[in-house]
Amino acid sequence: MTGGEEEPGAAPPVLTFEDVGLSFAGVTAIDGVSFEVAPAELFAVIGPNGAGKTSVFNVLSGVYRPQRGRVTFLGEDILGLPPHRIAEMGLARTFQNVELFHNLTVLDNLMLGRHHHFGYGPLSALLWLGRARRQELAARARVEDIIDFLDLAAWRRHPVRLLPYGVQKRVELGRALAMEPRLLLLDEPVAGMNLEETEDMARFVLDARDELGVPIVLVDHDMGLVMDLADRVLVLDFGRPVALGTPAEVQSDPEVIEAYLGGAP
Amino acid sequence: MTRMTGRTGDLEAVAEPPRADPAAPRARRPRGRPLLYTSYSQDMALLDTRAKKVWLALLLGVAILSSGLPDDLLILLAGGYVAAIGAIGLNIVTGYAGQVSLGHAFFVAVGAYAAAALSGDPEGRVIGFGITNMIVWLPAAGLVAALAGVLVAPLAARLRGLYLAVVTLGLVFLGEHVFKEWDDLTGGPGVGRPAAVPELFGFRFDVDSALGTRAQSLYMLMLVLLVVFAVAARNLARSRIGRAFSAIRDRDIAAEVIGVPLTRYKTLAFAISSFYAGCAGALMYTITGFFDPGSFNLLMSVQFIAMILIGGVATVSGAVAGALFITLLPRLTQELPALLPFVSGDTTQTPNVFQIQVALYGLLIVLFLVFEPRGLFGLWVRVRAYWKSWPFSY
Ligand SMILES: Nc1ncnc2c1ncn2[C@@H]1O[C@H](COP(=O)(O)OP(=O)(O)O)[C@@H](O)[C@H]1O
Ligand SMILES: [Mg+2]
């Protein structure tokens, strides 16, 4: 692997991914990938389709269990933890193919992001006791901030299945932000978007990082957006790391130009 | 989270709750703007528009005035209200949480026997503990059924969709067998046992009293209980728990990845649903006073499914409407022999009213699924949209 492993500053990494290997009945999805994500870093993973990017996210969020390697989040080993535990620790993600709760409104989807921040149980819920009501109101105020931030007010009460694709992608980002994440994973957040939507999304991602200080891992299959936004980039191909470094370093890496860009400028 | 910069561009004024302090006192809403909320608590209220309040008040008024109806109709309606409690319960696990259960009749049976055993005569032919106050046996019946639901829930954690439906169906057959064999509790098939005694601190609802006839007392009791159970279900639906149920129904993997523990919430859905079923079972036979272990069969489960499918999945009002519809349907088909001479009232003849009833359930389910998947509730939404400006300005 090439260059740029250590971040400036002594702060411990938010995430470490060490020599992870994952395969499905003969198909190798991840093959010896390692990286670290520093606090407030915008880290990108790129590679052609099937390179293993989504698999990396599925390992991180506890959906897949790798056969080898070590993964720590905020200093804790998270391999083997169920997805909801990892979410409670503060790992939020969006999905490559939008995975919203499609019969629920934008508001309810975002409120669901706050699920584990509530501290009331079934009895308070059935009786709508003071505790339940107070917490719901407080959560609602937080969610409204996100609705403003992502410019979703016009859609607030619409079931998400009725919304345009680009808006759904934004709702999914909103749901992840509502979790108040300590690390945000975005899987191809601009896939299928037009230029304007792409620029909006890029703005939201940068704002989220700058205003909330949340570190982000961004996956994309094409270089354009990533090279503008990312602090560092990991390039994958066939599950293997090809290069790791700043966008400039990666772009001038002969192996990347050879294998991934196929000689294009 | 730090406060984020708000963008206030193209907001729809009507749908925009202004930034309000959540603790702010309820503000009055300008007339003619029912969707303009001035505080979040107003926006999150159960009856969030004036029209809803007026309609509910009207419905309740009609329901209360209906206590003047003839006794046989009151008994029928009281049964419908109890069925509605059961249907609301099934809607929690199947409509909201998306776990198709054909085992509802089993949980109804568990509640019915728990209540009957608790309030039964200790000296009697069948098991009885003599605790007739319903403030004891009603919650107890619900809790015993909920416990049964918790025991069954691990199946739901493993199985999905049709597999779960088939396995919960097995529960009904298992229950039927156990209840038929367990004579000491159930009295055995064809004999049965006395139902729970509807008594509250000395007042008997199942006998004529100074306050009204037996039918009137039972009617009012069931109406009040239905309102309580319905309001609780609405509260649940708008809480973090109801949202988590819907999330599991719509996308279970995503639900888990955003922090909803699947197994725990499926278990909770079965527990609460079965609690409702158990209470419905406990109440159901206080009206007839007697029940037979053969009652808790597949047909009963199918009827509950029909109630929520016809009434509207994942709405409380739909479950109530569906339950009343299904309860009143036999009454309507009874009139058929008078209208259509070839239909017989005798079960040994074909076609008879009972066959027509079963066929009608099936037909109605198919028709609603094809033409109005939201059920009666969906029809109501359409009618409401049609009469949008009448009689209350929207
Ligand atoms: N659940 C799975 N079962 C079998 N193979 C899988 C599964 N998930 C991913 N793979 C395989 O792993 C490889 C990497 O896939 P993925 O992580 O989705 O790539 P990317 O997101 O980079 O397009 C592909 O060959 C894919 O077919
Ligand atoms: Mg992918």
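Quick notes on this one:
- Prolate is the label for the range B:209-277, because the ratio a/c of its alpha-carbon gyration tensor axes (a ≥ b ≥ c) is 1.5 or higher and a/b is greater than b/c.
- Cα gyration tensor of the protein assembly as shown - equivalent ellipsoid semi-axes, whole Å, descending: 54, 28, 22
- With all protein chains kept in place, the per residue accessible area of the range B:69-297 amounts to 36 square angstrom at a probe of 1.4 angstrom.
- Mean Kyte hydropathy of -0.5 or more with a Cα span along the axis of at least 15 Å, helices from DSSP in chain A: A:165-178
- Chain B, relative contact order [Cα under 8 Å, separation at least 6], %: 24
- Cα shape, chain B, gyration tensor, a/c 1.5 rule: prolate
- Chains A and B together, accessible area buried on both sides, 1.4 angstrom probe, square angstrom: 4800
- With the whole protein complex present, A:Arg170 retains an accessible surface near 50 Å², based on a 1.4 Å probe.
- Positive dipole terminus of the range A:143-241, leading residue within A:Pro159, A:Ala202, A:Leu183 (C-beta point charges): A:Pro159
- Heavy-atom accessible area order for A:Thr246, A:Thr198, largest first, 1.4 Å probe: A:Thr246, A:Thr198
- For chain A, the square roots of the Cα gyration tensor eigenvalues, ordered a ≥ b ≥ c, give a/c of at least 1.5 with a/b greater than b/c, which places it in the prolate category.
- Of the solvent-accessible surface of the range A:168-265, computed with a 1.4 Å probe over protein heavy atoms with every protein chain present, carbon and sulfur atoms account for 49 percent.
- Helix runs (DSSP H) in chain B reaching 24 Å along axis by Cα, Kyte-Doolittle at least 0.5: B:71-90, B:134-158, B:161-181, B:214-237, B:262-284, B:316-334, B:353-371
- Surface share of carbon and sulfur [accessible, 1.4 angstrom probe, percent] for the range B:57-135: 73
- Springs between Cα atoms under 10 Å define the GNM used for chain B, and in it the highest mean-square fluctuation of B:Gly95, B:Gly79, B:Gly362 occurs at B:Gly362.
- Over chain A: helical MRE at 222 nm, DSSP H runs n ≥ 4 each giving -39500 (n - 2.57), nearest 500: -11000 deg cm²/dmol
- Shielding by partners for peptide A:135-145, expressed as the average number of C-beta atoms from other protein chains within 10 Å of each residue's C-beta, is 5.
- Lysines whose Cα lies under 22 Å from that of A:Lys53, excluding same-chain neighbours fewer than 8 positions away: A:Lys169
- Heavy-atom accessible area order for B:Phe377, B:Phe368, A:Phe43, largest first, 1.4 Å probe: B:Phe377, B:Phe368, A:Phe43
- Choice from A:Asp210, A:Asp222, A:Asp108 with maximal GNM fluctuation in chain A (Cα, 10 Å cutoff): A:Asp210
- In Å², nearest 10: area of B:Ser274 left accessible to a 1.4 Å probe: 0
- Heavy-atom accessible area ranking, 1.4 Å probe, most first, across A:Glu180, B:Glu372, A:Glu249: A:Glu249, A:Glu180, B:Glu372
- Based on Cα contacts under 8 Å between residues 6+ apart, the range A:110-265 shows a relative contact order of 16 percent.
- Rg ratio for the range B:69-297: its Cα radius of gyration over 2.2 N^0.38 Å, N being its residue count, equals 1.04.
- Note that chain A presents 39 Å² accessible area per residue, ligands and nucleic acids not counted, probe 1.4 Å.
- For chain B, built as a Gaussian network whose Cα springs stay under 10 Å, the top-fluctuating residue of B:Ala116, B:Ala230, B:Ala338: B:Ala338
- Calculated mean residue ellipticity, 222 nm, chain B: -19500 deg cm²/dmol, from DSSP H runs (n ≥ 4) at -39500 (n - 2.57) each, averaged per residue and rounded to 500.
The values are calculated or read from the model by the stated rules, or taken from the named source; none is laboratory data. Computed from a prediction, not measured in an experiment: that's the story for all the values here. FYI the Cβ positions are ideal-geometry reconstructions off the backbone, even for glycines, and counts take in every protein chain you see. Side chains included, ligands, DNA and RNA excluded: accessible areas come from the protein's heavy atoms. Shrake-Rupley method; radii C 1.70, N 1.55, O 1.52, S 1.80 Å.
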